[in-house]
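Asks: Pasting in a structure now, in structure tokens, and then I'll have a few things to ask.
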Amino acid sequence: KDALARGFDEINFDYIRFPSDGNLDDMVYPYWQETTSMAEMIEGFFKHLRANLPGERISADLFGLATVERTDMGIGQLIEKAFPYFDYIAPMVYPSHYAAYVFGYRNPADYPYEVVKNSIAEAAKRLLEYNTSQLDNLSSSSVVVHPRAKVKFRPWLQDFDLGADYDAAKVRAQIKASDEAGGEGWMLWDPKNVYTREALL
């Protein structure tokens, strides 16, 4: 709220998830008694954000794998749970972060165009499925949980060397893939903040 009051036009929430690294037996969850699923707990936080920031532009970063994985991956990230609450979902579709043989590629980092295009296309397909299910609820006696989601996808793209050397061609390939699959813009990430100028028009 403070950032919005100072003129920022969007708040991006990064890494909304349960932990997966370290000794998980040492984790303590004061507000989670394990009677609800991790995905439901994370959705509760999404709902909290929207309720407390009504009318504001908010976005959420999710793992790239959330676009294609139909489980919460043990961290509570299920993309359908985010659809109703955000203006943008920013999946981190870094090809180097996909396991071997996802989409059939032994080293997904070597296939930036294919990985990004398939990921965004699958996310769009799941959004269509979600919205269709909401319309089906309207014509039945079921209670409609959420209205039709109008969320857009604006992915984080890889601009760092991991799994392959990421030159201008590989960065441009990701941008092209996102645009063609229906992404609404994109963001680049390099943990060193050194970006490939030649990739940008």
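To keep it simple, each residue is scored yes or no on (1) in contact with a Ser or Thr (Cβ under 8 Å, 6 or more places away or on another chain); (2) assigned to a helix (DSSP H, G or I); (3) surrounded by fewer than 23 Cβ atoms within 10 Å (Cβ to Cβ); (4) modelled with pLDDT under 95.
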position: E80; (1), (2), (3), (4): no, yes, yes, no
position: E114; (1), (2), (3), (4): no, yes, yes, no
position: I120; (1), (2), (3), (4): yes, yes, no, no
position: Y130; (1), (2), (3), (4): no, yes, yes, yes
position: V145; (1), (2), (3), (4): no, no, yes, yes
position: L157; (1), (2), (3), (4): yes, no, no, no
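Asks: Next question. Would you check which residues across region 97-112 are under 14 Å from A173 (Cβ atoms) and buried (at least 18 other Cβ atoms within 10 Å of the Cβ) and list them? Show your work before the answer.
Replies: Residues of region 97-112 under 14 Å from A173 (Cβ atoms): 105, 108-112.
The answer is P108, A109, Y111, P112.
Asks: Please state which one of D21, D26 is open to solvent by 100 Å² or more (accessible area, probe 1.4 Å) and under 15 Å from G74 (Cβ atoms). Show your work before the answer.
Replies: Details: D26 fails: under 15 Å from G74 (Cβ atoms).
Exactly one of D21, D26 is open to solvent by 100 Å² or more (accessible area, probe 1.4 Å) and under 15 Å from G74 (Cβ atoms), namely D21.
Asks: Mind checking whether some residue in region 47-63 is open to solvent by less than 30 Å² (accessible area, probe 1.4 Å), in a helix (DSSP H, G or I) and modelled with pLDDT of 95 or more? Outline the logic, then answer.
Replies: Keep residues of region 47-63 that are open to solvent by less than 30 Å² (accessible area, probe 1.4 Å), which gives 49, 53, 58-62.
Filter again for in a helix (DSSP H, G or I), leaving 49.
Cutting the leftovers down to modelled with pLDDT of 95 or more gives us 49.
So far as region 47-63 goes, yes, one or more of its residues are open to solvent by less than 30 Å² (accessible area, probe 1.4 Å), in a helix (DSSP H, G or I) and modelled with pLDDT of 95 or more.
Asks: Give all pairs with beta carbons closer than 7 Å in which a residue from region 89-111 that is modelled with pLDDT under 95 meets a residue that is open to solvent by less than 10 Å² (accessible area, probe 1.4 Å) and among the hydrophobic types (A, V, I, L, M, F, W, C); count only pairs at least 6 apart in sequence or on separate chains.
Replies: These pairs meet every condition: F103/V115.
Asks: Just one of (1) farther than 22 Å from G185 by Cα; (2) part of a loop (DSSP other than H, G, I, E, B); (3) among the hydrophobic types (A, V, I, L, M, F, W, C) trips up F103, so point out which.
Replies: It is condition (2) that F103 fails.
Asks: Condition first: of a type outside the set (V, I, T), open to solvent by less than 30 Å² (accessible area, probe 1.4 Å) and part of a loop (DSSP other than H, G, I, E, B). Now tell me which residues in region 82-96 satisfy that.
Replies: Residues satisfying the conditions are F83, Y85, F86, Y94.
Asks: If only one of D72, D25 is within 22 Å of W156 (Cα to Cα) and either acidic (D, E) or touching a helix residue (DSSP H, G or I) at 6+ places or on another chain (Cβ under 9 Å) (or both), which one is it? Reasoning before the result, please.
Replies: Details: D25 fails: within 22 Å of W156 (Cα to Cα).
Only one candidate passes the filter, namely D72.
Asks: Okay, moving on. Among the candidates I42, I11, which residue alone is in contact with a strand residue (DSSP E or B) (Cβ under 9 Å, 6 or more places away or on another chain) and either modelled with pLDDT of 95 or more or farther than 19 Å from A90 by Cα (or both)? Quick ask: steps written out before the conclusion?
Replies: Details: I42 fails: in contact with a strand residue (DSSP E or B) (Cβ under 9 Å, 6 or more places away or on another chain).
One residue alone meets the criteria, I11.
Asks: Moving on to the next point. Name every residue in region 69-78 that is closer than 22 Å to K150 by Cβ and open to solvent by 10 Å² or more (accessible area, probe 1.4 Å), in order of residue number.
Replies: Step one: filter region 69-78 for residues closer than 22 Å to K150 by Cβ, giving 77-78.
L78 - this is the single residue of region 69-78 that is closer than 22 Å to K150 by Cβ and open to solvent by 10 Å² or more (accessible area, probe 1.4 Å).
Asks: State which residue pairs qualify: first residue on the phi > 0 side of the Ramachandran plot and inside region 65-83, second residue assigned to a loop (DSSP other than H, G, I, E, B) and open to solvent by less than 40 Å² (accessible area, probe 1.4 Å) in any location, beta carbons under 6 Å apart, and separation of 6 or more residues or different chains.
Replies: Listed pairs, sorted by first residue: G76/F18.
Asks: Can you give me the number of residues within region 165-179 that are open to solvent by less than 20 Å² (accessible area, probe 1.4 Å) and assigned to a loop (DSSP other than H, G, I, E, B)? Before you say what the answer is, go through the steps one by one.
Replies: To start, the set of residues in region 165-179 that are open to solvent by less than 20 Å² (accessible area, probe 1.4 Å) comprises 166, 171, 174-175, 177-178.
Going one step further and asking which of them are assigned to a loop (DSSP other than H, G, I, E, B), we end up with 166.
Summing the residues that are open to solvent by less than 20 Å² (accessible area, probe 1.4 Å) and assigned to a loop (DSSP other than H, G, I, E, B) in region 165-179 gives 1.
Asks: Ok, one more. On the given criteria, is E184 outside any helix (DSSP H, G or I), under 18 Å from I89 (Cβ atoms) and at pLDDT 95 or above?
Replies: On the way: outside any helix (DSSP H, G or I): yes; under 18 Å from I89 (Cβ atoms): yes; at pLDDT 95 or above: yes.
Yes, satisfied.
Asks: Let me ask something additional. Would you confirm whether or not region 67-78 contains a residue that is outside any loop (DSSP other than H, G, I, E, B) and touching a strand residue (DSSP E or B) at 6+ places or on another chain (Cβ under 7 Å)? Walk me through how you get there before you give the answer.
Replies: If we filter region 67-78 for residues that are outside any loop (DSSP other than H, G, I, E, B), which is where we start, we get 67.
Imposing the further condition that a residue be touching a strand residue (DSSP E or B) at 6+ places or on another chain (Cβ under 7 Å) reduces the set to 67.
Within region 67-78, one or more residues are outside any loop (DSSP other than H, G, I, E, B) and touching a strand residue (DSSP E or B) at 6+ places or on another chain (Cβ under 7 Å).
The values are calculated or read from the model by the stated rules, or taken from the named source; none is laboratory data. Just so you know, these numbers come straight off a predicted model, no measurement behind them. Note: ideal-geometry Cβ built from the backbone for every residue, glycine included; neighbour counts use all protein chains shown. Protein only, heavy atoms only, side chains kept; ligands, DNA and RNA dropped before computing areas. Shrake-Rupley method; radii C 1.70, N 1.55, O 1.52, S 1.80 Å.
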